[in-house]
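K.L.:
The structure is given below, and queries will be raised subsequently.
Since every read-out is calculated from the coordinates, none of them should be taken as a lab result. Note that the coordinates shown come from a computational prediction; the quantities given were computed from them, not determined experimentally. Quick reminder, even Gly has a Cβ in these numbers, built from the backbone with ideal geometry, and neighbours come from all protein chains shown.
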Amino acid sequence: MAARDFLRAGEKFIDYNDQVNEILYAILTPLGYQAHVSDQALQHIEKHPIASKHKNEISYILNNPDLVTPNPDNLKTHIFYKSSGKVLLAIAVHEKNELRFVSTMYDTEYIKGLKQNRILRDEFLYLRGGFKWKKWK
């Protein structure tokens, strides 16, 4: 499990929906920034039945993703992907006011925007060696 940073725990921030959230902990990502996790994000993840079974893996996925891409709909948002058997999990990390935070986690069958050529392989922000990204195209 990745080490959780509680230095900013309890600090409030405004998310992309202009809702007040409270930081629980942060995780250092391979992109060099910390992604902050809030109770509100964890509650939202409960709406995604498959992903909610993996929410205790959020720290690990953010710290050890298989792939990180920009969201083709919002380039400030990064999507962290991790394959778990037959499931591909995705965690969206938004940025607002220079703070990066988890907004959701869900299961998916493809890498967002890749099939539609809205994102290209050379635009990947991080790719773990050995990850079979073509399987999820």
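K.L.:
Among GLU22, GLU98, which comes first, second and so on when ranked by fewest other beta-carbon atoms within 10 Å?
P.N.:
GLU98, GLU22
K.L.:
Fewest Cβ neighbours within 10 Å first, please rank SER59, SER38, SER84 accordingly.
P.N.:
SER84, SER59, SER38
K.L.:
Could you work out [θ]222 nm for the chain from helices alone, using -39500 (n - 2.57) per DSSP H run of at least four and dividing by all its residues? Round to the nearest 500 deg cm²/dmol.
P.N.:
Helices in the chain give a 222 nm mean residue ellipticity of -2500 deg cm²/dmol.
K.L.:
Grab the alpha carbons of the chain, take their convex hull, and tell me the volume per residue in Å³.
P.N.:
Working: hull volume 15.0 nm³, N = 137.
That works out to 109 Å³ per residue.
K.L.:
Beyond 20 Å, what percent of the Cα pairs of region 69-137 remain?
P.N.:
25 percent
K.L.:
In whole Å, what is the distance between the alpha-carbon centres of region 49-92 and region 100-137?
P.N.:
9 Å
K.L.:
Got a sec to turn the phi values of region 75-81 into Karplus ³J(HN,Hα) couplings, 6.51 cos²θ - 1.76 cosθ + 1.60 with θ = phi - 60°, whole Hz, x for Gly and Pro?
P.N.:
Computed from phi, the couplings for region 75-81 are 5, 6, 8, 10, 10, 9, 10 Hz.
K.L.:
Does anything in region 102-137 have its amide N under 15 Å from the 7 Å Cα→Cβ label point of VAL87, and if so which residues?
P.N.:
Within reach of a label on VAL87: 105-110.
K.L.:
So if R0 is 25 Å, what FRET efficiency would ASN97 and GLU123 give, r being the distance between their Cβ atoms, rounded to the nearest 0.05?
P.N.:
Efficiency computed from Cβ-Cβ geometry: 0.50.
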